[in-house]
1. Just to be sure I understand, how many residues within the stretch 136-181 are among the hydrophobic types (A, V, I, L, M, F, W, C) and assigned to a loop (DSSP other than H, G, I, E, B)?
2. So which pairs qualify, if the first residue must be in the stretch 94-110 and under 13 Å from L10 (Cα atoms) and basic (K, R), the second must be modelled with pLDDT of 95 or more and in a helix (DSSP H, G or I), the Cβ gap must be under 6 Å, and the two must be at least 6 apart or on different chains?
3. Taking the condition of being of a type in the set (G, A, S), within 26 Å of D162 (Cα to Cα) and in contact with a helix residue (DSSP H, G or I) (Cβ under 9 Å, 6 or more places away or on another chain), how many residues in the stretch 33-72 meet it?
4. On the given criteria, is T29 among the hydroxyl-bearing types (S, T, Y) and surrounded by 15 or more Cβ atoms within 10 Å (Cβ to Cβ)?
5. What number of residues in the stretch 58-83 are closer than 12 Å to W204 by Cα and either surrounded by fewer than 15 Cβ atoms within 10 Å (Cβ to Cβ) or without any contact (Cβ under 8 Å) to a residue 24 or more places away in the chain (or both)?
6. Find the residue count for the stretch 167-193, including only residues that are touching a Pro at 6+ places or on another chain (Cβ under 6 Å) and closer than 12 Å to M301 by Cβ.
7. Give L100, L67 a once-over and let me know the one that is in contact with a Pro (Cβ under 9 Å, 6 or more places away or on another chain), more than 30 Å from P273 (Cα to Cα) and part of a helix (DSSP H, G or I).
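The values are calculated or read from the model by the stated rules, or taken from the named source; none is laboratory data. It should be emphasised that the depicted structure is a prediction, and the values quoted were computed from it without experimental measurement. Every residue, glycine as well, gets a Cβ built from its backbone with ideal geometry; the counts of neighbours run over all protein chains shown.
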Amino acid sequence: MLIAVTVLILAIALDLLLGDPSPNNPEKTAFKLHPTVLMGKLTKALEPHFKNPDPKIAKLNGVLLALTVIIAFTVPVYFGLWAIYTLLSVIVYAFFAIILLKLTICIKLETDWAKAAAKAIESEDMVEAKKYSHFSRRDLTDLTGPQISSAVIESMAENLIDFKLSPILSYAFFGVSGAIAFRAINTLDGMVGFKDAEHLHTGWFSANLDTVINYVPARFTAALVVLASAILGEDYKNAWAIAKRDHAKTPSRNHGWPMAAMAGALRVQLEKPGQYILGEPTETLSSHKILLALKIRNMTMILCILLSLPIILLIRLYFFPY
């Protein structure tokens, strides 16, 4: 039990120390070898072989595609860690477990980008600010300072699920291989889980699997955002009210929950032009709100870690998931 808790704490500490390679520099070796990138490359390489003009066969092939990618990364991690734990030592096991778990979590990179974006917006340098909106998946060409602030805050709220709470909860219940499996599922959704003509059938299973896996964590994340807002003295009542009212406005069935809760806590309106509007423009959407969103995000993660500890301890009483 102590090993499991130590692995989680040190994996997070390692991410806070080293961070992740920036996607703005895709030519660097560290970026190319990141497991998420490798998962994406494998998915992209395999996808053409699973396409079929018959929608039913394409959907079945999509199941096989997803299972292939998930198994390709999860099974080696599980048996590799089992072999290290069994044949070598606990210390060696912990070393590799910490590194692997860290690779499923992204905190420092997002923190650095959010602070850099806030600083650029504050100095009205929109060219610089747009460099840090990578995760927002929107056309940045004509975005204003408030719109960039919205994009950054939306990304932070969305990523609370995908790159923080879900990997932590997956680890709590299923060990390092569980976190790796989640990262594979989430990457599959990001690569093929679209409703366009190219991916509609082949990516159907990946998209729905990600939705199912994140169903509880998404709502749990929204509740923690509300609790974090209360602890920090922000508008937690409005956070919950907006989460209940606006969560269904986003295309994702899950991401709308923490995004709407964050909009309510900040008392601002978050908008992705042409897709959704969350919250009310009670207060100005400024660079200051990005920094405040960071505080709420950090408190949400702390709460998740604290609540995960008894789960880790309880699970490890009965078996040790690698």
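1. Matching residues across the stretch 136-181 total 2.
2. From residues that are under 13 Å from L10 (Cα atoms) and basic (K, R), the pairs are K102/A11; K102/L14; K102/D15.
3. The initial filter retains those residues of the stretch 33-72 that are of a type in the set (G, A, S), namely 40, 45, 58, 62, 66, 72.
From what's left, within 26 Å of D162 (Cα to Cα): 40, 45, 62, 66, 72.
Of the ones still in play, those that are also in contact with a helix residue (DSSP H, G or I) (Cβ under 9 Å, 6 or more places away or on another chain) are 40, 62, 66, 72.
Matching residues across the stretch 33-72 total 4.
4. Values: among the hydroxyl-bearing types (S, T, Y): yes; surrounded by 15 or more Cβ atoms within 10 Å (Cβ to Cβ): no.
Taking the combined requirement at face value, the residue does not satisfy it.
5. Counting residues in the stretch 58-83 that are closer than 12 Å to W204 by Cα and either surrounded by fewer than 15 Cβ atoms within 10 Å (Cβ to Cβ) or without any contact (Cβ under 8 Å) to a residue 24 or more places away in the chain (or both) gives 2.
6. The total comes to 1.
7. Only one candidate qualifies: L100.
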